[in-house]
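What follows is a single structure, written as structure tokens, with notes after it.
The values are calculated or read from the model by the stated rules, or taken from the named source; none is laboratory data. Bear in mind the structure is a predicted one, so any value in this text is a computation, not a measurement. As a convention, Cβ positions derive from the backbone with ideal geometry for all residues, glycine included, and neighbour counts pool all protein chains shown.
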Amino acid sequence: MSDHSLKKTEKKYPIATAEIAQIFGLPESSIAEGALPVVSDKDSSGHVPGFSNAAGNLPVKDLPVLDSHTPENIPHVAGLSEARPVQKDLTKNIAALTGSGKIPPTGHMNDANLLNQNPGGSKFVKFLKNIAPYVAVFSIGIFLYFFFFTKTDFSKIFNIKPKAETPQQSAIKQLESKSMVGYQNWISGFYFDVSDPEVLNPDADNSGNGLSNFQKYLLNLNPKSYDTLGLGMADSEALAQGINPLTGGKLNENQKNIISKYFDMEVIMNRLALSQLQKNGQVAGTNVGINNSMGAYRSFGSQPAQSGNVNANVAANGNVDPVMLSESDVNTSIPGRLEIPDLGVNVPIIWSSDPKNFEQDLKSGVVHYPGTAMPGQIGTAYISGHSSNYAWAKGNYNKVFSKLGDLADNTSFKITVVNKSGKDVIYHYVVVGRQQYDAKDQAQFRNAGQSVVALSTCWPVGTTAKRLVVYGQMTQVENK
């Protein structure tokens, strides 16, 4: 081997920065010309070498350095005066969350650290998460048991109350509460030194013309007068025909607006019909008299007064059967029909022959209870329908009476039956009240001296605890 091959040759190193050269012990000659200087520390003047700001090389002069660990030392900077208390509050809140009163080091604030510093809270949260599903299942089970298999009245627990008002009735109730002082002053001018609450009641109809005292107050009509101007018709009938009861002329725009917002003309005319019925004891369209006394039904709702004249315009339209049908006249092989316009109900009536068939018959409509009066007869015709049913139960009428509680007093419904000659007979009814009963309370079937229909359903919806019964009194009979 030659001396040349043994001669130690100088090694060549790649170009490196001074920082890398110092780490690996490389000669300084390997530092590339023009390489960036190592920024290792400030010089004695406090400036970073190579970054002098004397010539204005930096865009911001003397920018303060913020120390995140000592927020109270942050210098005031114009426009950032709100930053200091926010930073200070944040660190205090973090310390409070850890439970130690100490601020954890920057960069180590995470969920694990928070939980580790409060292990008691962590165990309690874990315990709650473990038992929560069991508590939820147990609570649901208890609720379903009481809901379906007991007589618990959930209407009291959840304040479930039927609305039983038309939009106009709701609007006028709100207006009454705001206008009682003016109303009291007005009605006291017609009843001097009268303190009877029934006479002064804004919902009463003292004249028997279908208008409440408060409605008469809104139009400035005489609450004592059935026919204020002597037009030969009730004031309510005049309004229905667009006639001003005070002048005999047309209604003005203000009166039209009041009537549109606060007067349900169907309710008003039904109250007039009931008033006439109580006065005469006569159902329109038939010569069979009805007992004047409301008897047991008086408690179901406020009744119109019986004073005032009776107007012949409240009568049946079309051909009228002079005598109400007896049970033997109804063709029970053909379902009847119940129509309640305000609830959107139009449903067959199944003439059940045996209570054992109720569940099957309810799949086809609502059922008439055997042994109770037929529609049109004196007595109570009892008709029942579902308000709800099991989710798996088949049938198109499982919720037909779910809104029965919303059927307002003095609204109307009708029942159509087919007689033995194949003709339709239509009975018109006006709602006179409602009552809730225990499921087996026989009082719900009681009869009075009128032709009445009782519409019944389980209540509250989704339970069998009670029976809601809405009563309607017959006011008119017509043939088709």
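Observations on the structure shown:
- Of all residues in region 401-449, those that are of a type outside the set (D, E, K, R), in a loop (DSSP other than H, G, I, E, B) and either under 14 Å from Val345 (Cα atoms) or touching a residue at least 40 places away in the same chain (Cβ under 8 Å) (or both) total 11.
- Residue check, Val199 of a type in the set (A, V, I, L, M) and part of a loop (DSSP other than H, G, I, E, B): no
- Conditions (1) in contact (Cβ under 8 Å) with a residue 60 or more places away in the chain; (2) over 25 Å from Pro167 (Cβ atoms); (3) surrounded by fewer than 17 Cβ atoms within 10 Å (Cβ to Cβ): number failed by Ser188: (1)
- Number of positions in region 455-468 that are more than 18 Å from Gly365 (Cβ to Cβ) and either touching a strand residue (DSSP E or B) at 6+ places or on another chain (Cβ under 9 Å) or outside the structural domain of Ile340 (by TED's automatic domain parsing) (or both): 7
- Test set (1) touching a Leu at 6+ places or on another chain (Cβ under 6 Å); (2) surrounded by fewer than 19 Cβ atoms within 10 Å (Cβ to Cβ) - Asp424 fails condition number: (1)
- Here Leu246 fits the description: farther than 23 Å from Gln169 by Cβ, aliphatic (A, V, I, L, M), touching a helix residue (DSSP H, G or I) at 6+ places or on another chain (Cβ under 8 Å) and outside the structural domain of Asn410 (by TED's automatic domain parsing).
- One residue stands out among those in region 389-411 that are more than 24 Å from the chain's Cα centre (by Cα) and not hydrophobic (A, V, I, L, M, F, W, C): the one that is nearest to Gly208 (Cα to Cα), which is Asn396.
- Exactly one residue out of Lys250, Lys224, Lys178, Lys261 is of a type in the set (D, E, K, R) and under 29 Å from Lys414 (Cβ atoms): that is Lys261.
- Qualifying residue in region 371-387 (condition: free of Cβ contacts under 8 Å to residues at least 24 places away in the same chain and either closer than 30 Å to Asp329 by Cβ or assigned to a loop (DSSP other than H, G, I, E, B) (or both)): yes
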